[in-house]
1. Within segment 43-60, is there a residue that is in a loop (DSSP other than H, G, I, E, B), open to solvent by less than 50 Å² (accessible area, probe 1.4 Å) and farther than 22 Å from Gly83 by Cα?
2. Just a yes or no: is a residue in segment 25-41 part of a helix (DSSP H, G or I), at pLDDT 95 or above and more than 23 Å from Arg87 (Cβ to Cβ)?
3. Give segment 65-83 a look and list any residue that's free of Cβ contacts under 8 Å to residues at least 24 places away in the same chain and assigned to a loop (DSSP other than H, G, I, E, B), or say none.
4. Looking at Ala10 and the list (1) touching a helix residue (DSSP H, G or I) at 6+ places or on another chain (Cβ under 7 Å); (2) in a helix (DSSP H, G or I), which single condition is not satisfied?
Amino acid sequence: ENLVVISRIAKNHATYWIGLCHFDAGDYTAAAEWFKDRTLEGNQDSYWLPGARYNLARCYEAAGKWDEARELYIADESPQKIGNLLRAQRIAGRK
């Protein structure tokens with residue numbers, strides 16, 4: 001049982017970091033897939049949910065999907081909420 005829990009935690013960490021690797025490489029489409037489909041929708045207990053939301057929003061920004069990015073920033077309830085609200089304000093009105 002402990003091995004299953006440890007394996008699940010390790011998978012959550014790896015999934016998030018793979019998304020970051022794609023983001024750092026400039027492959028925002030692949031990064032968005034890892035953040036959205038595998039981290040955010042994959043496990044609601046993941047420690048990385050706030051970071052995945054933020055980085056998914058950054059992927060949307062890179063793709064020019066300003067409204068989608070703002071929605072994620074505004075909806076955030078994590079400790080980085082204030083920073084995300086400032087980011088949402090900064091990109092407001094971009095098309």
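The values are calculated or read from the model by the stated rules, or taken from the named source; none is laboratory data. In this text, all values refer to a predicted model and were calculated from it rather than measured experimentally. For neighbour counting, all protein chains shown are included, and Cβ atoms are generated from backbone atoms with ideal geometry for every residue, glycine included. Please note that ligands, DNA and RNA were not included when accessible areas were found on the heavy atoms of the full protein model with its side chains. Shrake-Rupley method; radii C 1.70, N 1.55, O 1.52, S 1.80 Å.
1. Yes, the conditions are met somewhere in segment 43-60.
2. No, the conditions are met nowhere in segment 25-41.
3. Lys65, Glu77
4. If we test Ala10 against (1) touching a helix residue (DSSP H, G or I) at 6+ places or on another chain (Cβ under 7 Å); (2) in a helix (DSSP H, G or I), just (1) comes out false.
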